[in-house]
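Trainee: Questions regarding the structure given below will be posed in turn.
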Amino acid sequence: MKTAIDDLNKAIGHDGRIAAITNACEEFDHWDENRHNLELKLGTASVLSLVLSMTDDDDEIRMVCAALEMVFRASQDVVKSSFFLVGSAVVPLLLRLLERSESGNMRNADVSIMNISKVLLYFSRVQQIRIPLARHQGLLSALTRVATSILNADSRVVRMRVIANLANADENKVIMYEHTGFIGSVLRVANLDLADNAREYASAVLMDLASAPLNQAPMARNDKLLATLVKLCVIDDIPETREYAVTALQNLAFAKENRKRLTTFGAGVVLEALKKTVSSDPNYRARRRAAGALTNLACDETAQRIGSHRGLLNVLSVVSMKDGNEDVQRRAALALTKIASSITVSMQCHAQLLDALVVSASGKNLSSAAVVFRAKAKNLQNRSCMARHSGCIEALAKITSSHHARSKDKENAMRAMMHLTNDDSNKKMMACKTVLDALVKGASMNGQENENTRDSAITAMERLATESSNRKLMARHEGLLVAIAKATEREAKAEKKAIDKGQERLAKPLLMSLLLAM
């Protein structure tokens, strides 16, 4: 090894250098990381860089570039040390030769292009190198040529890997996006490149650039960029490519100023892409990201647009109940909850929202639906339409008896029913078996954790009983008088112990009114 390095130092003349470089390549062409580490520590990169700077011969250049690629197969720590020793000399030299190779003025240019690109790749793998590497004069311009130079597929893929690595550094994201021609080049690869891996790395670049707050607004204003992300989400064959694209949309949707733009772009194509992804992408990570993007997009300004998008609310409700991945189910339920919080009864999509909540309430992730039902029922304007909406009352009743429901879920469902009974127009229709069964069950729950549920059930019964025509039916309903009697006993004990002195005692007068009705 040391002999090969010494021979490179002592070589004189073209033939002597060719012989020394040939021997060096034979010595360095292996995949033993420890040996490469030693080669770099002995100063091989400095010697090769010096030889490269002293020749203009195509064959010598090709062979030295090959030798550099070999020795930089070392560990990241050693590559880092070597870069900070020789990088300021070797990188400009490699960039100059890369441009010459791409111009067509060099024999066997493809080989040199590949080896130079690989050296840059080895540098870019090291996190501590990414920032200074991106700032080398001419580096970003060289990377930008990936879409315009005549490169073979392998070279394009390596070039895109370098770009993806550099874009992963936060300090590089803005300068890369703003570099002249850079984003257009990445978009061209993402749209047109036939190499699957090239598109995959292009998608990863867009994802990382979109995570920078300063990039998000200008990226969202770029029609071609949004169209490219939608295309990658929906039709690309590579799971990772689709995942990165939908993550880019999720990142862009994080910025408040982008939400209206994303929901209205292309007559809703972003929403359609997210709907398709969350419902049918085989990659669960892509489905999870799509649900996250929809959560980010939801706000007062976009709620009507999202809620009115054909089938979207229903898809979220089904995914929250049936997706094969529990995390995706939870994310879909969260998205539905966030959207629901901004949909009002005056919006045309309100009925679709209630349909979606009814479906979601029958799954394992019913907590979100219970929270939304309670919040909606608290609003006086919502009570009449909720009580009359098909399946809504049944969904609330089902939550109170579901083995998937936590105590808090049951409390939220019971509170929602309690609020609905506070509307005079609902009282007759809610004095039905479904509601009364749920109220009896709620009023009969044991445990301190169910105290609010019991109290809400009794309050709901008391409100229904203010409608005189309901009393006889309620008095004859199985278990109802027993549940109220137990509540009366609890209230009496609390009163005796001076607990909750200011709280109104409803059970005893309710029991008396129902007994009289019999």
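The values are calculated or read from the model by the stated rules, or taken from the named source; none is laboratory data. Keep in mind it's a predicted model, so treat the numbers as computed, not measured. Note that each Cβ is placed from the backbone with ideal geometry, even for glycine, and that neighbours are counted across all protein chains shown.
Trainee: Can you pull out the residues in the range 186-201 that are surrounded by 15 or more Cβ atoms within 10 Å (Cβ to Cβ) and within 28 Å of Ala267 (Cβ to Cβ)?
Mentor: Val186, Leu187, Arg188, Val189, Ala190, Asn191, Asp193, Arg199
Trainee: Confirm whether Ile343 is in a loop (DSSP other than H, G, I, E, B) and surrounded by 22 or more Cβ atoms within 10 Å (Cβ to Cβ).
Mentor: The answer is yes for Ile343.
Trainee: When you scan the range 150-157, do you find a residue that is within 22 Å of Leu133 (Cβ to Cβ), in a helix (DSSP H, G or I) and basic (Lys, Arg), even just one?
Mentor: Yes, that holds for at least one residue.
Trainee: May I ask you to list the residues in the range 391-426 that are in contact with an Asp or Glu (Cβ under 8 Å, 6 or more places away or on another chain) and within 26 Å of Gln348 (Cβ to Cβ)?
Mentor: Gly391
Trainee: Does Ala190 satisfy the condition of being in contact with a Lys or Arg (Cβ under 7 Å, 6 or more places away or on another chain), more than 30 Å from Asn37 (Cβ to Cβ) and at pLDDT below 95?
Mentor: No: the conditions fail for Ala190.
Trainee: Here is a further query. Being surrounded by 22 or more Cβ atoms within 10 Å (Cβ to Cβ) and in a helix (DSSP H, G or I) is the filter; apply it to the range 73-90 and report the residue that is nearest to the chain's Cα centre (by Cα).
Mentor: For the range 73-90, the residue satisfying everything is Val79.
Trainee: Then there's this: Of the conditions (1) under 21 Å from Asn382 (Cα atoms); (2) assigned to a loop (DSSP other than H, G, I, E, B), His403 clears all except one; give me its number.
Mentor: Every condition holds for His403 apart from (1).
Trainee: When the range 412-438 is examined, which residues are found to be over 40 Å from the mean Cα position of the chain (by Cα) and either part of a helix (DSSP H, G or I) or among the small types (Gly, Ala, Ser) (or both)?
Mentor: Correct list: Asp424, Ser425, Asn426, Lys427, Lys428, Met429, Met430, Ala431, Lys433, Leu436, Asp437.
Trainee: Still on this structure, please answer the following. If we keep just the residues of the range 453-493 that are touching a helix residue (DSSP H, G or I) at 6+ places or on another chain (Cβ under 6 Å) and outside any helix (DSSP H, G or I), which is surrounded by the most Cβ atoms within 10 Å (Cβ to Cβ)?
Mentor: Taking the candidates together, the pick is His477.
Trainee: Ala204 is checked against (1) at pLDDT 95 or above; (2) surrounded by fewer than 18 Cβ atoms within 10 Å (Cβ to Cβ) and fails just one. What number does that condition carry?
Mentor: Here Ala204 clears every test but (2).
Trainee: Now a separate question. Looking at the range 273-288, which of the residues that are within 11 Å of Leu312 (Cβ to Cβ) and of a type in the set (Lys, Arg) is surrounded by the fewest Cβ atoms within 10 Å (Cβ to Cβ)?
Mentor: The selected residue is Lys276.
Trainee: Could you grab me the full set of residues in the range 103-149 that are in a loop (DSSP other than H, G, I, E, B), at pLDDT 95 or above and either more than 21 Å from Ser185 (Cβ to Cβ) or of a type in the set (Ser, Thr, Tyr) (or both)?
Mentor: The answer is Arg125, Val126.
Trainee: So which residues in the range 177-215 are among the aliphatic types (A, V, I, L, M), outside any helix (DSSP H, G or I) and over 24 Å from the mean Cα position of the chain (by Cα), if there are any at all?
Mentor: Answer for the range 177-215, where residues must be among the aliphatic types (A, V, I, L, M), outside any helix (DSSP H, G or I) and over 24 Å from the mean Cα position of the chain (by Cα): Leu194, Ala195.
Trainee: Tell me, please, whether a residue that is of a type in the set (A, V, I, L, M, F, W, C), farther than 27 Å from Leu481 by Cα and exposed (fewer than 15 other Cβ atoms within 10 Å of the Cβ) can be found in the range 421-431.
Mentor: Looking through the range 421-431, none of the residues is of a type in the set (A, V, I, L, M, F, W, C), farther than 27 Å from Leu481 by Cα and exposed (fewer than 15 other Cβ atoms within 10 Å of the Cβ).
Trainee: Scan the range 265-314 for residues that are in contact with a Pro (Cβ under 9 Å, 6 or more places away or on another chain) and in a helix (DSSP H, G or I) and jot them down.
Mentor: Matches in the range 265-314: Arg285, Ala286.
Trainee: For the range 38-79, enumerate the residues that are modelled with pLDDT under 95 and among the polar types (S, T, N, Q).
Mentor: Selection gives Thr44, Ser46, Ser49, Ser53, Thr55.
Trainee: Where the second residue is basic (Lys, Arg) and modelled with pLDDT under 95 and the first is over 18 Å from Gln304 (Cα atoms) and outside any helix (DSSP H, G or I) and lies in the range 354-382, which pairs have Cβ atoms under 6 Å and are six or more apart or on separate chains?
Mentor: Taking only residues 6 or more apart or on different chains, the pairs are Asn365/Arg330.
Trainee: If I filter the range 443-455 down to residues being in contact (Cβ under 8 Å) with a residue 24 or more places away in the chain and more than 38 Å from the chain's Cα centre (by Cα), which single residue comes out as farthest from Leu511 (Cα to Cα)?
Mentor: Going through the qualifying residues, I end up with Gly447.
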